[in-house]
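Worksheet: one structure, shown below.
The values are calculated or read from the model by the stated rules, or taken from the named source; none is laboratory data. Treat the numbers as computed from the prediction; the structure is a model and nothing was measured. We place every Cβ from the backbone using ideal geometry, glycine too, and count neighbours over all the protein chains shown.
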Amino acid sequence: MKNDRNILDSKLYIITNNITNFFMTNLYFLLVISPLLIYMVIFQEKVSLRGMLLLSILLGPAVTTLFSVMGKLIRSGEISATKDFFHFYELNFLQGLLIGIIVNIVIGIACFDMGYFNSNGNIYVGYLFLAIIIFTILVQFYIYPIISRYNIKISYAFKISLKLLVKKFYISISCLSAIIIILAIIKFTKLSLVGLLFGASVISYLIMKIEDKTISELQEEIKERYNSQ
């Protein structure tokens, strides 16, 4: 009876601890992207594409940090939400920010060109730039998890991400499906507050879970490349 009680207490502790870690990690994520959130709340319908692209570069280091923390949770089974989040945020800030800038420049130019060609009746050319936007979004499913785990050059991270996007396209679809399912559950169950407080950390955990094997398999390739230099 005592053993059963200990097991119950242990399981309850693990569940409570994980819920707390997900919540705290998500809270810190919202904190570091708060300028973007404040801008969206204040301006609402008047939000401009330029403003969104400028402020959303903050998502680069924030998302990378989420993947770092969730990756550690998957591999080791435990994290210290506060300590790990800010440790990885400092570690990932520069690379994450640079990638965020590059990605937003590509998306910004593609959005502008798509609007230009669509307004001039060149719909098919507009579709080409829409494809570039979608392609850029899908690349991010790989590049942020990769730099969250490996300290490599940005150019090489993009190269690996592009290769994985082509070779393992089903993983991108799986990640996208996970996001759509989570958002659909939040919408239809009307749990918007729960989604706000846990959504980002849960989604990043699921993506890392889906990609964990693929990301781990890159270790030898990356080690071989940098050892040969």
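At-a-glance table
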quantity: Ser172 vs. criteria touching a helix residue (DSSP H, G or I) at 6+ places or on another chain (Cβ under 7 Å), among the small types (Gly, Ala, Ser) and more than 26 Å from Leu37 (Cβ to Cβ); calculated: yes
quantity: Matching residues, the stretch 187-205, being without any contact (Cβ under 8 Å) to a residue 12 or more places away in the chain and either crowded, with 21+ Cβ neighbours inside 10 Å or in contact with a helix residue (DSSP H, G or I) (Cβ under 8 Å, 6 or more places away or on another chain) (or both); calculated: Leu191, Ser192, Val194
quantity: Neighbours by Cβ (under 7 Å, 6+ apart or cross-chain): first from the stretch 53-69, part of a helix (DSSP H, G or I); second of a type in the set (D, E, K, R); calculated: Val69/Asp84
quantity: Options Gly71, Gly96, Gly108, Gly77: the member that is among the small types (Gly, Ala, Ser), over 13 Å from the mean Cα position of the chain (by Cα) and closer than 22 Å to Tyr142 by Cβ; calculated: Gly108
quantity: Number of the condition not met by Met208 [criteria: (1) among the aliphatic types (A, V, I, L, M); (2) in contact with a Pro (Cβ under 7 Å, 6 or more places away or on another chain); (3) loosely packed, with under 15 Cβ neighbours inside 10 Å]; calculated: (3)
quantity: Some residue of the stretch 46-65 being surrounded by fewer than 21 Cβ atoms within 10 Å (Cβ to Cβ) and within 21 Å of Ile215 (Cα to Cα); calculated: no
quantity: Verdict on Ser119 being closer than 20 Å to Ile143 by Cβ, at pLDDT below 95 and among the polar types (S, T, N, Q); calculated: no
quantity: Which listed residue, of Asp84, Asp113, is over 19 Å from the mean Cα position of the chain (by Cα), surrounded by 13 or more Cβ atoms within 10 Å (Cβ to Cβ) and either at pLDDT 95 or above or at negative phi (or both); calculated: Asp113
quantity: Qualifying positions in the stretch 138-164 - hydrophobic (A, V, I, L, M, F, W, C), assigned to a helix (DSSP H, G or I) and under 22 Å from Ala62 (Cα atoms); calculated: Leu138, Val139, Phe141, Ile143, Ile146, Ile147, Ile154, Ala157, Phe158, Ile160, Leu162
quantity: Filter result for Ile182 (surrounded by 13 or more Cβ atoms within 10 Å (Cβ to Cβ), of a type outside the set (Asp, Glu) and either modelled with pLDDT of 90 or more or within 17 Å of the chain's Cα centre (by Cα) (or both)); calculated: yes
quantity: Qualifying residue in the stretch 60-75 (condition: among the polar types (S, T, N, Q) and farther than 15 Å from Ala200 by Cβ); calculated: no
quantity: Given (1) out of contact with any Leu (no Cβ under 6 Å at 6 or more places or on another chain); (2) over 18 Å from Thr214 (Cβ atoms), number of the condition Phe141 does not satisfy; calculated: (2)
quantity: Residues of the stretch 165-179 satisfying the condition of being in a helix (DSSP H, G or I) and surrounded by 11 or more Cβ atoms within 10 Å (Cβ to Cβ); calculated: Leu165, Phe169, Ile171, Ser172, Ile173, Ser174, Cys175, Leu176, Ser177, Ala178, Ile179
quantity: Residue that is of a type in the set (A, V, I, L, M, F, W, C) and under 30 Å from Glu224 (Cα atoms), where the choices are Leu162, Leu191, Leu196; calculated: Leu162
quantity: Residue among Gln95, Gln44 that alone is polar (S, T, N, Q) and either assigned to a loop (DSSP other than H, G, I, E, B) or free of Cβ contacts under 8 Å to residues at least 24 places away in the same chain (or both); calculated: Gln44
